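Report on the following structure.
The values are calculated or read from the model by the stated rules, or taken from the named source; none is laboratory data. Just so we're clear, the structure is a prediction, and the values are computed from it rather than from any experiment. Counting neighbours? That spans all protein chains shown, and the Cβs are built from the backbone with ideal geometry, glycine included.
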Amino acid sequence: MRRLVIGNWKMNLTLPDALVLAGQVKSFSPEFSGLNLVIAPSHPWLIPVREELGSLPPNLFLSAQSVSSYPHGAYTGDVSAEQLKGVVSHCLIGHSEQRKYHHLKSEDIQSQIRLVLDQDIVPVVCFGEPTKGKGQAVLGSIVGGLEQDLSQLEPDLIERCVFAYEPLWAIGTGDPATPEYIRTVVGTLKDWFRNHYTLEKPSVLYGGSVTAANAKELGTVNQIDGLLVGGASLHAKEFHEICARYGGLL
Ligand code: PGA
């Protein structure tokens, strides 16, 4: 399976800037045949970006940054999974900024996963611990949090998810988790997935202060299946370099 590199643009970029950046990512994506690239613009830019890109190279995809926990109705300001169908192939679920500012609960995460899967959109389920820790206590709290988020979901649904391990203390701080730390956490998680859900090949990305400076080292962490990049994905040159270094081309 190709590794995944997702550029989460968060609440950034005007429409003209978003169109330029999307065009730049499209033009370099064929260089990375070993990677799938995903860009996640803000909701109102999804359709113009899609139109600007025209037919997508086989390894370039579009993602939403969030989705409503409800199928439709009186939820002002929200966007439903059904409305995203045909526009995106992926959707971030439970990003820490969504959890923080929209007070998401585990029931929301479960509902959003079900709703996007019903529309054949791949959920990228984000999770991670709030503070830096060590040893079994932190591993227990990471696995426990994810277990709670997934508790009512059937294994065949969980099998269709991609997961993104993003320690909150590493997001936007310039303080990424070390390769060793990621190996331990994601290795433990993958064992848990295998034992708990008999998932043979769960897909787990790493996110949190990924830059061109650490992408090569992250490429050596076999436990992860890709990267979720925030701030550094807003600059075509840096995002290109991250893909090149992570993909082993530089
Ligand atoms: P960052 O954000 O790369 O800017 O740390 C990652 C994310 O929030 O997905």
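Worth a mention:
- Scope region 185-225; condition in contact with a helix residue (DSSP H, G or I) (Cβ under 7 Å, 6 or more places away or on another chain) and in a helix (DSSP H, G or I); matching residues: Val185, Thr188, Leu189, Trp192, Tyr197, Ala215, Lys216, Glu217, Leu218
- In region 104-145, of all residues being outside any helix (DSSP H, G or I) and of a type in the set (A, V, I, L, M), the one that is surrounded by the most Cβ atoms within 10 Å (Cβ to Cβ) corresponds to Val124.
- Residues satisfying the stated conditions in region 189-203, i.e. surrounded by fewer than 19 Cβ atoms within 10 Å (Cβ to Cβ), polar (S, T, N, Q) and either touching a Pro at 6+ places or on another chain (Cβ under 9 Å) or modelled with pLDDT of 95 or more (or both): Thr198
- Residue in region 64-73 that is in contact with a Lys or Arg (Cβ under 8 Å, 6 or more places away or on another chain), touching a residue at least 40 places away in the same chain (Cβ under 8 Å) and away from the ligand (no atom under 16 Å from the Cβ) present: no
- Test: residue in region 226-234 that is within 16 Å of the ligand (Cβ to nearest atom), in a loop (DSSP other than H, G, I, E, B), over 24 Å from Leu139 (Cβ atoms) and among the polar types (S, T, N, Q): no
- Within region 204-217, being touching a residue at least 12 places away in the same chain (Cβ under 8 Å) and either over 16 Å from the mean Cα position of the chain (by Cα) or surrounded by 20 or more Cβ atoms within 10 Å (Cβ to Cβ) (or both) holds for Val204, Leu205, Tyr206, Gly207, Gly208, Ser209, Val210, Ala212, Asn214, Ala215, Lys216, Glu217.
- Within region 146-173, being part of a helix (DSSP H, G or I) and either within 16 Å of the ligand (Cβ to nearest atom) or of a type in the set (Phe, Trp, Tyr) (or both) holds for Leu168, Trp169, Ala170.
- Given (1) free of Cβ contacts under 8 Å to residues at least 60 places away in the same chain; (2) in contact with a helix residue (DSSP H, G or I) (Cβ under 9 Å, 6 or more places away or on another chain); (3) not acidic (Asp, Glu), number of the condition Tyr246 does not satisfy: (1)
- Only one entry in Met11, Met1 is within 26 Å of Leu249 (Cβ to Cβ), surrounded by fewer than 18 Cβ atoms within 10 Å (Cβ to Cβ), touching a residue at least 24 places away in the same chain (Cβ under 8 Å) and aliphatic (A, V, I, L, M), namely Met1.
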